[in-house]
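See structure below.
The values are calculated or read from the model by the stated rules, or taken from the named source; none is laboratory data. The structure displayed is predicted, hence computed values, not measured ones. Here the Cβ positions follow ideal geometry from the backbone for every residue, glycine too, while neighbour counts run over all protein chains shown.
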Amino acid sequence: MASTHRKPMLESEIRKVLTKAIADSKDDYIKNAMPSIVRVELSKDLRFANVFVSALGKSEDKSKLVDYMNESKGMFRTAVAKSIRIYKAPEITFKPDIGIDASLRIAKILEQIREEKKGDE
């Protein structure tokens, strides 16, 4: 079991390592998509890491990017293993981050409501 302060510290460090691995990547597809690591969630036993990724563009492009990154996850796991002193590097799974899209959708809905109220007055 990981101590309570170690897990958040490792999540932050993994996020930094993955961000650097993306910047240093020789893979043009990953570099051109300019993904950003939004957050990392480690399991309690530190064996699994869910990495939430965001990128500019359409949702289809984002899902393709996440699929591609999952196919290349060995490269990212190797980067984590080389950079962080940990017994066993966690198994990485990339997932799309829907937080930004959801907030944009909510902002549009709120704007529509404001305009409807102005039209009613």
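Filter segment 73-98 down to the residues that are surrounded by 12 or more Cβ atoms within 10 Å (Cβ to Cβ) and either over 30 Å from residue 21 (Cβ atoms) or of a type in the set (Gly, Ala, Ser) (or both) and list them by number.
Those that are surrounded by 12 or more Cβ atoms within 10 Å (Cβ to Cβ) and either over 30 Å from residue 21 (Cβ atoms) or of a type in the set (Gly, Ala, Ser) (or both): 79, 81, 83, 89.
Would you point out the residue of segment 22-51, among those that are within 13 Å of the chain's Cα centre (by Cα) and of a type in the set (S, T, N, Q), that is modelled with the lowest pLDDT?
The selected residue is 36.
Going by what's in this entry, would residue 57 be described as out of contact with any strand residue (DSSP E or B) (no Cβ under 8 Å at 6 or more places or on another chain) and at positive phi?
For residue 57, the condition - out of contact with any strand residue (DSSP E or B) (no Cβ under 8 Å at 6 or more places or on another chain) and at positive phi - is met.
Where in segment 19-102 are there strands (runs of 3 or more DSSP E), lying wholly inside it, with at least 3 residues that are free of Cβ contacts under 8 Å to residues at least 40 places away in the same chain?
Counting at least 3 such residues, we get 36-42.
Go through (1) exposed (fewer than 13 other Cβ atoms within 10 Å of the Cβ); (2) at pLDDT 90 or above one by one and return the number of the condition residue 105 breaks.
For residue 105, the exception is condition (2).
Kindly evaluate residue 48 against the criterion of being surrounded by 16 or more Cβ atoms within 10 Å (Cβ to Cβ), among the hydrophobic types (A, V, I, L, M, F, W, C), farther than 16 Å from residue 23 by Cα and out of contact with any helix residue (DSSP H, G or I) (no Cβ under 6 Å at 6 or more places or on another chain).
No: the conditions fail for residue 48.
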